[in-house]
Every structure is written in C-alpha cells, then in structure tokens.
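Sharing a structure below in structure tokens format, with a few things to ask.
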Amino acid sequence: MSAEILATPDTGAAPVGHYAYDQVDRAFLHDRVEQFRDQVARRLSGALSEDEFKPLRLMNGLYLQLHAYMLRVAIPYGILDSRQMRELAHIARTYDRDYGHFTTRQNIQFNWIRLEDTPDILARLAAVDMHAIQTSGNCIRNITCDQFAGAAVDELLDPRVHAEILRQWSTLHPEFSFLPRKFKIAISGSPNDRVAARFHDIGLVAKPGRHGTVFDVFVGGGMGRTPVVGVHLRDNLPEEDLLAYLEAMVRVYNEYGRRDNIYKARIKILVQALSAEGYREKVDAEFAAMDRARYRLPPETVAAIRARFGTPVLDAPSDAADRLAEARRTDALFDRWVRTNTHPHRAAGYISAVVSLKPDGGIPGDATSAQIDAIADIADRFSFGEIRISHMQNIVLGHVRQDQLHALWQELGRAGLASANIGLIGDIIACPGLDYCSLANARSIPIAQKLSARFANPALQERIGDLQIKISGCINACGHHHAGHIGILGVDKKGEEFFQLTLGGSAGNDAAIGQILGPALPEDATVDAIAHLVDAYLVHRTDGERFLDTYRRLGAALFKDAVYALA
Amino acid sequence: MDVRNNRRQAGGSSVVTANRLLDGRIVWLAEDGAWSGRIDAAQVFSNDGIEAVIDTATRRQQADGVVGVYGVQIGDDSTTPVPVTVRERIRAFGPTVHPEFATLTEGPPDVR
Ligand code: HEM
Ligand code: SF4
C-alpha cells in the first residue's frame, strides 16, 4: 500500500460492503504485527524507554488511559463483516472485560487491554484483515462515511469505493505520516449530510456530474478547543482529479500548518489564518504545479476497486412491503421501533435497520461480547453479513428485507438491542470521559445514563422528537458537544466536575456551533436543567418544530430563564 | 507529567501512583518501595518530602515495571487514603459506571 492505488484482480468472493484485501495487504499487516511484537519485547526488556516506545505503540492504536491500556481498532468507513465482528467479540471476551465501545469515528475501543497481549490481539485482527493503524498520531485517520451508504434512498452515489481509494492513498503515505496534527476526512454520497462533512478537516460530498462522478469539497471544519464549521472550498471536483487535489490540499497544510503550538496546528487554523480564498489560491497553485499524471485517478482504477466490493443481490419478494405493513398493524411495539429505527432503502422491498446501542440508562456505544456476537449472527441471517458502525455510536444493518424486519427485531429484543430511540433524546453521544480518559475534566457517561433513564418513556421520547444531546468530558470534544442541539461539556473546577451547556449546535447541512447558555452546573443540576430545557421547548414549540428550530426561532433568553431563573 | 495530575498544596499529604507497564493497571507506592494495586496499601507521605520520593520512584521505573510516576494529594480526614480530586478517586476506586470493577470491595465505592 502506498500512494499508488493497488487493484489486483480478485479471486474469492468479496465481502458485501467493503473492500476485499489481497495478499499484499495481508503480508503488510503481518509484518506490522511482528514489528510491534519486537518493539513490545524491547520495551519490556528495557531496551526501549517509555519515551521511545510511546510513539510506536500509538502508531499501533495503543493508548495508556486512566486504568489500563486502551486499544483503538480501525473500522474503515465504519463497515465490517460478520467474521470480523465475531473476532471483535472474541477479543473483548478473551483480552478485555467482556465488552467494547463503539466510537463516533466509527471505530471500536477496548478499555482494559494488557500491553503484553497486544501483539497477539493485533495478530488475531490481522487474520481477519483488521488493524489499529492510523487510529492515532498526526496522520490521516480513519475515513468516515455515511452509515446508509449504498442503501439510502436519498443517496446519489455510493461513496464507499472512493472512501476505500482514499484509504489506500492515505495509508502510510510517505509525505503524510507526520502532519502538523491529526487529519480527519469524511465522505458522503447523499445531499443530506449524515457524516458531519462540515466538521471535518476535509469533508467530501460525491454526486453524479455531467461527465461522471464529481465532489463538493469542504475544508477546515473541526471540533476541539476551537470549533469551526468548514468552508466550501470548491464544487464539482472531477473524479480523476480527486487524489491530486486532495494531495495538493494536504501538501499546503503540511507546508504552512503550524507545528509550534498543538492548539493551532489543525488545518482549520491555517484556513482561518490564510482565509478560505488565500488557502484556495495556494492549493490551486500546488495543484497546477504538481505531477498530475501521477495522481490521476482513471475510471479503470475506480472500476477495479469497485469490483473488489461484494454487492448484495436485492431480490425481495413483491409482497415484502405489504407484509411489513401487516406486522406493523398487529404489533404496536414493533411499529414504534420501525418508526424510529429504520431508514428508507433504494431497493423495493428493502429497508435499513438501526440497532441502538443506547439502552435506557445504559452506556452509549458499549456492547457486550454476547451482543457483538448476536449482531454478527443477525447480520448473517438478515443483512448479507454486513455491519456498519454509525458516527452516532449505533449499528446499522444496511439491506434488510421488509418481510423479515419483524423477525430481525425479535432477535434484537432477545439480545437486549431493541431500544426504539434513534434520533430521539435517548440517542445520546457521549465520550468516555473521566471514567476512562486520562485527558478528561469530568465524567460524560453518568450524565448520559441519568438523562436516558429520565427520558426512558418511549411515548415521551417520541413526543419530544428529534433532539440530539452530545456530551464531551473535556474541550477536545470527542463527544461532538459543539454540534449537539444540546451540548454538554465537562469542566474542572478545583478538582470537582462541572458541566457547561451549549444550545443550537448541529452537524447536518445546517451545521452550526452551539452557544454557551450560562454558568457551568454540577452534575445533578445539569440533568435537571435539561429537563427544564425540554419543558420550555414543549411549551413553546409550534407544530412539527424540532427543539433546534424552536431555539433558533426564539433565541437563548427563554431557555436561559428556564435553567437559571429558578435558582 | 501533566501538572493537573500533580497538583498539591503545601502542608497536606500525598500518596505516589503510576501505571504498571505490563498491563497498564494503576498502582500505588506501598511500604518498602513495593507497588500495590490498592490505594489502602499506599504509604502516605507529607507533601514536604514528596518530591524526593517521586524522584526516587521515577528513577526506579524500569526496574519496577511501572510508568508515569506522580504524586496524588489526599484528604486529611480518613484512615484509607482518599484523593482530593474526582479524577484520582476514579483511578483509586475504579470507573464509577462499572461498580463491579471496583478496586477495593470494601473501599468507598462512591467517588463523589
Ligand atoms: C479515550 C481516549 C481518547 C483520547 C486520549 C482522545 C484524545 C483526543 C484529543 C486530544 C482530541 C483533540 C484533537 C485536536 O483538537 O487536535 C480529540 C478529538 C476528537 N476525538 Fe478523541 N480521544 C479519545 C477518545 C475518543 C473517542 C472514544 C472518540 C469517539 C467517540 C473520539 C473522537 C474524537 C473526535 C470526533 C474528535 C474531534 C475531532 C476534531 O478535533 O475535529 N475520541 N480526541
Ligand atoms: S472529549 Fe476529552 S474526556 Fe472525552 S474522550 Fe475526548 S479527550 Fe477524553
């Protein structure tokens, strides 16, 4: 794997939904595991100091967190197959404490890993074409993608082939292993942004153009200490220039991005410093001067990569939709779950199902080994063995026959995975926070648990409607609080936890950064405050208005009073 | 080491902590320079002399198989050392969201 895109012809059956590795990929992964095994041995013998070893372990996804090592495993564009999923369950069961945590970057983290076990774990992952490379460090990180890619009815173009092309381009790119800072790319093929394209270093929206695929390009978005909504850099970038143009974008960043101050090192700061216009000029100049032939992405390469993706045969019986309608009529609980936890599919008789990892009072994104296995089994039975991790920390089964949806839902129920709350107040994003994270100021998970227990009533959740609560335990904003309709940020006051509320953020097409409502509150008061915010919304909303719309229409004062006037 | 993890007031007392190299688990410096997984086994030092203790322990890191040695201020008013910050209480007693992982079954499970 290098800057050149490899596309050797495939022999075996490709997994549905993601790219089939070839022998070159496999040999590379094997070598990386053995290299790390040797590094671990040298660390344990004392031949490598912690300072020498730390960057090496981070390159392999291994962090040292509060209680133990944490291993972050890459799930390229959030898609894996049931065989890989079962391996994750096996790792959780054997090497961790029987669970894993799915993250907003569509990866999985294990929280209780032993250093000495890590080479074996990486070897097991490599055996199923998985790894932990590029999950840390100042490189191009896992490329995230629409969780309904290749399935959604509103999609113009399946972005996964291009996600894979970008993965190959960025993996171990010789120039881009030591960027000024980490670099995150998201890609979507739908006009409805489900990947937070405007909150990424580079956000791409693929669509059909007059002469083939083209891309809208956003740059310089991000969360963290300085949240920025990305700017629209250009329209209609032709597919054959995709790599050349991105290469130029990253080169300009690599050359001009600041390396003296980690808080000013992300591309968003550079774009602000140069202005969008200034940055675009530099990129265009680089693009004009570079060896374009070398980076040209010809249609044949795209086709060759596409050929290594398995495609599902979508042949639902003609009465599939009727049978779903019938099941909904006779089973009210199922009907509720279908209302909240499904997404329309492009193919007749099919639907996408969202498995909520947000049980009432539970830990957002956590799944036990048994649940991970159950999801693998359910995917095999109902969705071509294909599994997607969403940036909302849920799981999507992309291609489910409508007449089989009821049976799928019953299986989910048996695994404790049938919460009907997608997009509702119970569908909370929370980062690991102070319960695990060594950078945290405050705990995120307990607030998520208290809120989800408080609003557990499904009828109440449906009445409140679309409301995204996002919680980060510190200003790094891993929980996307800046983009939450209601954001919660943990702050540290003399060693005690406090929480700051922000309102009005959004990650979609109407991307916006939430504004701070008022002084930070202690934990229980924060939970009460959110109940007051919801009450105020329910009183003042007009028909069909989301919380976010009411807030935008009426402004902060009303909500501020609801929280602070009572005291 | 992050100053945030290392803040102390003059006059108080502290314990010394690190993570074990092999498995990353949290350990506390106990009597005789041994490292224990339990904070109730930790030796309590007056803050006046703590820097020297941390220095010595840091120099022995590799031999002892630990990483990231630092001092943790504790409250004055209990028999089991209880750190003054939430962060260190979570390290000492385990993640609050998994009571079954509590490091001391008889220790104070509520870190708040
Ligand atoms: C527990 C270990 C973790 C550590 C040490 C960590 C560290 C960080 C740091 C330092 C940043 C700020 C980077 C910057 O602004 O330059 C960051 C941002 C971020 N992290 Fe994490 N993180 C952790 C876990 C997670 C998890 C579990 C997720 C997913 C749920 C996540 C997703 C993100 C995202 C989405 C951002 C914002 C990206 C941006 O800056 O635009 N992180 N993280
Ligand atoms: S937001 Fe802060 S507390 Fe939460 S995971 Fe990221 S670094 Fe840790």
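The values are calculated or read from the model by the stated rules, or taken from the named source; none is laboratory data. It should be emphasised that the depicted structure is a prediction, and the values quoted were computed from it without experimental measurement. Positions of Cβ are generated from backbone atoms using ideal geometry, with glycine treated the same way; all protein chains shown enter the neighbour counts. In case anyone asks, the SASA skips ligands and DNA or RNA and just uses the protein heavy atoms, side chains included. Shrake-Rupley method; radii C 1.70, N 1.55, O 1.52, S 1.80 Å.
From the C-alpha coordinates alone, can you work out the Kirkwood hydrodynamic radius of the range A:329-414, in Å?
Details: mean 1/r = 0.0758 Å⁻¹.
Answer for the range A:329-414: a Kirkwood hydrodynamic radius of 13.2 Å.
Also: Taking the simple approach of a point 7 Å from Cα along Cα-to-Cβ for both A:Val313 and A:Ala531, what is their distance in nm?
Inter-label distance under the simple model: 5.5 nm.
About the Cα centre of the range A:362-474, how large is the charge dipole given +1 on each Lys and Arg Cβ and -1 on each Asp and Glu Cβ? Please answer in debye to the nearest 20. List each step's numbers first, then the result.
Working: 9 positive and 11 negative charges, 79 e Å.
Around 380 debye, computed over the range A:362-474.
Please report the buried accessible area for the interface of B with A, total over both chains, probe 1.4 Å, in Å² to the nearest 100.
Details: alone 6600 and 21550 Å², together 25520 Å².
Buried area between the two chains comes out at roughly 2600 Å².
With N set to the number of residues, divide the alpha-carbon radius of gyration of chain B by 2.2 N^0.38 Å and report two decimals. Spell out each step's value before the answer.
Working: Rg = 13.1 Å, N = 112, 2.2 N^0.38 = 13.2 Å.
Scaled against compact globular proteins, the figure is 0.99.
Which whole-number percent gives the relative contact order of chain A, counting Cα pairs below 8 Å spaced six or more residues apart? List each step's numbers first, then the result.
Details: 1250 pairs, mean separation 75.7, N = 567.
13 percent.
Additional query: Taking each pair of distinct Cα atoms in the range A:466-549 once, what is the resulting Kirkwood hydrodynamic radius in Å? All intermediate terms of the calculation are to be shown ahead of the outcome.
Values: mean 1/r = 0.0766 Å⁻¹.
Across the range A:466-549, the inverse of the average 1/r is 13.0 Å.
What does the convex hull of the Cα atoms of the range A:112-223 come to per residue, in Å³, rounded to a whole number?
Roughly 147 Å³ of hull volume per residue.
Let me ask something else about it. Quick check on the range A:426-514: take the gyration tensor over C-alpha atoms, sort the square-rooted eigenvalues as a ≥ b ≥ c, and tell me if it's rounded (a/c under 1.5), prolate or oblate. Don't skip to the end; give the middle numbers.
Values: a/c = 2.29, a/b = 1.36, b/c = 1.68.
Taking the square roots of the gyration eigenvalues as a ≥ b ≥ c, the range A:426-514 is oblate.
State the Kirkwood hydrodynamic radius of the range A:214-260 in Å, one decimal place, computed from all pairs of distinct Cα atoms. Can you show the working numbers first?
On the way: mean 1/r = 0.0837 Å⁻¹.
Mean inverse Cα-Cα distance, inverted, gives 12.0 Å.
Ok, one more. Hey, what number do you get for chain A at 222 nm if only DSSP H runs of n ≥ 4 count, each worth -39500 (n - 2.57), divided across all residues, to the nearest 500?
Numbers: 18 runs with 216 residues, N = 567.
For chain A, the value works out to -12000 deg cm²/dmol.
A further question on this structure: With a 10 Å cut-off between alpha carbons and a GNM built on chain B, which of B:Ala57, B:Ala102, B:Ala18 moves the most?
B:Ala102
Shifting gears a bit: Kindly give the semi-axes, whole Å and largest first, of the ellipsoid equivalent to the range A:17-127, taking each as the square root of 5 times a Cα gyration tensor eigenvalue. Mind dumping the intermediate values first?
On the way: eigenvalues 107, 62, 29 Å².
The answer is 23, 18, 12 Å, longest axis first.
Let me ask you something else. Give the residue from A:Leu408, A:His343, A:Ile395 lying farthest towards the positive end of the charge dipole for the range A:329-414; charges sit on Cβ (+1 for Lys and Arg, -1 for Asp and Glu) and the dipole is referred to the Cα centre.
Working it through, the farthest residue towards the positive pole turns out to be A:His343.
Now a separate question. Could you look at the protein assembly as shown and say what percent of its accessible area is carbon and sulfur, using a 1.4 Å probe and all protein chains? Could the numbers behind the result be given before it?
Values: 13190 of 25520 Å².
Ligands and nucleic acids excluded, carbon and sulfur reach 52 percent.
With the cut-off at 1.5 for a/c, could you classify the range A:267-330 from its C-alpha gyration tensor as rounded, prolate or oblate? Let's see the in-between values first.
Values: a/c = 6.20, a/b = 2.04, b/c = 3.04.
Cα axes put the range A:267-330 in the oblate bin.
Oh, and also: Given R₀ = 22 Å, FRET efficiency for A:His211-A:Glu300 by Cβ-Cβ distance, to 0.05?
0.90
Quick one: compute the contact order of the range A:429-565, relative version, from alpha carbon pairs under 8 angstrom and 6+ residues apart, as a percent.
Numbers: 263 pairs, mean separation 25.2, N = 137.
Taking the mean separation of contacting Cα pairs over the length of the range A:429-565, I get 18 percent.
Along each of its three principal axes, how wide is the spread of alpha-carbon positions in the range A:189-289, in whole angstrom units, largest first?
43, 34, 18
A follow-up question, please. Dimensions of chain A along principal axes (Cα, Å, largest first)?
The Cα atoms of chain A stretch 61, 60, 56 Å along their principal axes.
Tell me the label-point distance for the pair B:Ala34, A:Arg339, using the 7 Å Cα-to-Cβ offset, in nm and rounded to one decimal.
Result: 6.2 nm between the two label points.
Still on this model: Over chain B, calculate the relative contact order: mean separation of alpha carbon pairs under 8 Å at least 6 apart, over the residue count, as a percent. Mind showing how you got there, number by number?
Details: 184 pairs, mean separation 30.5, N = 112.
Computed value for chain B: 27 percent relative contact order.
Test of understanding: what is the full-extension gain from A:Tyr564 to A:Thr542, defined as 0.36 nm times their sequence separation minus their Cα-Cα distance? Present the calculation step by step, with values, prior to reporting the outcome.
Details: separation 22, 0.36 × 22 = 7.92 nm, distance 2.37 nm.
Fully extending the segment from A:Tyr564 to A:Thr542 adds 5.6 nm.
How much FRET efficiency would the formula 1/(1 + (r/R0)^6) give for A:Ala407 and A:Asp98, where r is the Cβ-Cβ distance and R0 is 35 Å, rounded to 0.05?
Working: r = 27 Å, r/R0 = 0.78.
Efficiency, from the Cβ-Cβ distance: 0.80.
Which value, in debye to the nearest 20, describes the size of the charge dipole of the protein assembly as shown about its Cα centre when Lys and Arg Cβ atoms bear +1, Asp and Glu Cβ atoms bear -1, and nothing else is charged? Walk me through the intermediate numbers first.
Working: 75 positive and 85 negative charges, 183 e Å.
Here the protein assembly as shown has a charge dipole of around 880 debye.
At 7 Å along Cα-to-Cβ for each site, give me the label-to-label distance between A:Ala293 and A:Ile262 in nm.
4.4 nm
While we're looking at this one, here's another question. For the range A:347-387, what class follows from the C-alpha gyration tensor (a ≥ b ≥ c being the square roots of its eigenvalues): rounded when a/c is under 1.5, otherwise prolate if a/b is larger than b/c, else oblate?
On the way: a/c = 3.69, a/b = 1.61, b/c = 2.29.
It comes out oblate by the Cα gyration axes.
Please find, in a Gaussian network model of chain B (springs between Cα atoms separated by less than 10 Å), the residue of B:Asp55, B:Asp40, B:Asp77 whose mean-square fluctuation is greatest.
Answer for the Gaussian network model of chain B: B:Asp77.
I would also like to ask the following. In square angstrom, what is the accessible area per residue of the range A:146-306 with a 1.4 angstrom probe?
Details: 6070 Å² over 161 residues.
Counting only protein heavy atoms, the per-residue value for the range A:146-306 is 38 Å².
Cα to Cα, under 26 Å, and not fewer than 8 places away if on the same chain: which lysines meet these conditions relative to A:Lys494?
Cross-link targets: A:Lys450, A:Lys470, A:Lys560.
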